[in-house]
1. Angle between the Cα long axis of helix 88-108 and the longest principal axis of the chain, 0 to 90 degrees, nearest 10?
2. Between residue 59 and residue 45, 0.36 nm times their residue separation minus their Cα-Cα distance comes to what?
3. Taking only Cα atoms, what is the 0 to 90° angle, nearest 10, from helix 188-210's long axis to the longest principal axis of the chain?
4. Once the Cα gyration tensor of segment 72-219 is diagonalised, what are the square roots of 5 times its eigenvalues, in whole Å and ordered largest first, as equivalent ellipsoid semi-axes?
5. In degrees, nearest 10, range 0 to 90: what is the angle between the Cα axis of helix 118-135 and the longest Cα principal axis of the chain?
6. Rounded, prolate or oblate: which fits segment 3-63 when a ≥ b ≥ c are the square roots of the eigenvalues of the alpha-carbon gyration tensor, with rounded for a/c under 1.5 and prolate only if a/b beats b/c?
7. So what is the relative contact order of the chain, in percent, for Cα pairs below 8 Å that sit 6 or more residues apart?
8. What FRET efficiency would be calculated for the residue pair residue 88, residue 112, taking the C-beta separation as r and a Förster radius of 41 Å, to the nearest 0.05?
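Read the figures in this text as sums done on the coordinates, not as results from a lab. The structure displayed is predicted, hence computed values, not measured ones. FYI the Cβ positions are ideal-geometry reconstructions off the backbone, even for glycines, and counts take in every protein chain you see.
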C-alpha cells in the first residue's frame, strides 16, 4: 500500500510529509547528511523494517495537512530563514550547553554514567559550526543571493563535506550521553542539559536538511533557457 514511499529519498520525504522528521528521529534515520538514500536503503542498513516505517509515514500523510515546502520558495527567503532560525539559534544554544555540561562533569564526574568529555566535545562543535556558518554567511550565501548558484558548486561541495563532519559530531554526542538519556536520578542541571542537547540535535539536523536537500539542490539546478521572442 505504501510501496511508493519506499523508493523516495529521506530528504524528499522530510520535505513532503509533516512529522516525517520526528519519525526519522525515532528510528535514528539520517535525513540530513544521508538525505539522498531511499527509505528502503536507509532502513535496511539499520536493520529496520522499511514497510513498517512507510506505513507510519503514510498514516502521517493521511492525518495531517500540507507541510511548508521550502523547495518552492525563492532562495533569499530560505536563506533568511536559515540565518534567523538556525545560525542565530546555534550561537545561543552552544555556550549554555557548554556551561551546563561543564557543571555536570564537575559535580558528577566520578559517576560511571557521567558524560565526561562532553563539554570539550561541545566546544569543538561550537568552533567548527562557527567557522562553517561564517563561510556560508560571507561566501556562499552572497553568491546564491546574487544568482551564481551553478558557479557555487565548489563551495557547496565543501559545505556538504563539513555537514558530514557535523553529522559525525552528533553521533559522537549520542555516544557520550547514552543517546541523550539521563539517568533516573539525574539532577535538574543534568536533565536541562539533555533537553538542550535534544533541541540542538533536532535543530542541527533540520538545518543541514534544508541546506543539503533544498537550498543546494535548487542552486545547482540547470536554469531554463529563455524562450525566443
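1. In the chain, helix 88-108 runs at an angle near 20 degrees to the longest axis.
2. On the way: separation 14, 0.36 × 14 = 5.04 nm, distance 2.32 nm.
Once the chain is fully extended between residue 59 and residue 45, it gains 2.7 nm.
3. Helix 188-210 sits at roughly 20 degrees to that axis.
4. Values: eigenvalues 228, 35, 30 Å².
Each semi-axis is √(5λ); the values are 34, 13, 12 Å.
5. Its long axis makes an angle of about 20 degrees.
6. Details: a/c = 1.41, a/b = 1.20, b/c = 1.18.
Note, shape of segment 3-63 comes out rounded.
7. Working: 206 pairs, mean separation 60.1, N = 229.
That works out to 26 percent.
8. The computed FRET efficiency comes out at 0.65.
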